[in-house]
1. How big is the Rg/Rh ratio for the stretch 1-120, C-alpha atoms only, Rh by Kirkwood, two decimals?
2. Over the chain, calculate the relative contact order: mean separation of alpha carbon pairs under 8 Å at least 6 apart, over the residue count, as a percent.
3. Note down, for the stretch 152-197, the three equivalent ellipsoid semi-axes (square root of 5 times each alpha carbon gyration tensor eigenvalue), biggest first, whole angstrom.
4. Taking every Cα atom in the chain, find the radius of gyration and the maximum pairwise distance Dmax, and write them in Å.
5. Taking θ = phi - 60°, what integer Hz values does the Karplus form 6.51 cos²θ - 1.76 cosθ + 1.60 yield along the stretch 2-19, in sequence order, with x for Gly and Pro?
6. Spit out the partnerless Cys residues in the chain, using Cβ distances under 4.7 Å as the pairing rule.
7. Search the structure for amide H atoms under 5 Å from the amide H of residue 155, placed 1.01 Å from N in the peptide plane, and list their residues when 5 or more places away or on another chain.
8. Let me know the shape class of the stretch 1-41, please: from the alpha-carbon gyration tensor, a ≥ b ≥ c as square roots of the eigenvalues, rounded when a/c is under 1.5, otherwise prolate if a/b is greater than b/c, or oblate.
Amino acid sequence: MIEQARNRFPRGLAQPEGGYRFSLDSLLLACFCQPGAKGEGADIGAGCGVVGLGLLLRHERVRLVAVECDSASVECARANGALLGLEDRFSVERADVAEWRPQGVLDFVVANPPYRELGRGRASRGEERKAARFEAEGNFDAFAACAARALKARGKFCFVHLPERLPALMAGLDRAGLEPKRMRLVHSRIHEPAKIVLMEARKQGGPGMAVEPPLALYKGTGQDTAMTEQALDFCPYLRCNA
């Protein structure tokens, strides 16, 4: 059963009834993060745990705690960890990102924070969806500050966000003492504007950032639309949508 669940990932994961549903940006982040051979990390604002669980399936000697304030999402994350047989490397804590601290310093932190400022973009139905999509209970600065508190020197903070927010993201990282080191822009199609930015920052990192080649998700149009091999190679979890 466990092997079957792992092979089906991310299909079959428990998600809160009527709440926010994870999307491909979470899967992309799980594949973008490079935690190291035996890293100890956290997924903050973890939702149902999809980012951290995807990361653990790719890195067999990594351990991670999922931090989430919504009780329904916490229950789903614990159930998903058990479904995948990862309880020995995956734990879940109910806590607010603005207040949470780990027991010791961490090698890495991952986050898929709310993207949009309150009052901007299409409104979400339900408080859970609103909190997941909009900065209602925690803005990017709170996530960056949480990562900075948790990380050891040179530790990594990997996150996914909107390219249009890059100026604010860079400013937030600077305020938290995190240096951007690696960035990749994700496009629906290579000739279209970027829709997603994946970024890695480091605590007490030196200057200089590598901008990786752009990632195009789709090729073709209409009935001929398909995932690109580039996208599937980067993130095999996308094959469930291919």
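The values are calculated or read from the model by the stated rules, or taken from the named source; none is laboratory data. Everything numeric here is computed off the predicted structure, so don't read it as measured data. Cβ atoms come from the backbone with ideal geometry, glycine included; neighbour counts cover every protein chain shown. For the accessible areas, the whole protein counts, side chains as well, though only heavy atoms, and no ligand, DNA or RNA atoms are used. Shrake-Rupley method; radii C 1.70, N 1.55, O 1.52, S 1.80 Å.
1. 0.94
2. 17 percent
3. Rounded to whole Å, the semi-axes are 24, 12, 7.
4. In Å, with Rg to one decimal and Dmax whole: 17.0, 51.
5. Using θ = phi - 60°, the values come out as 5, 4, 5, 5, 5, 5, 8, 3, x, 5, x, 6, 6, 9, x, 4, x, x Hz.
6. Cysteines of the chain left without a disulfide-compatible partner: 69, 146, 240.
7. Amide H to amide H, under 5 Å and 5 or more residues apart or across chains, residue 155 pairs with 203.
8. oblate
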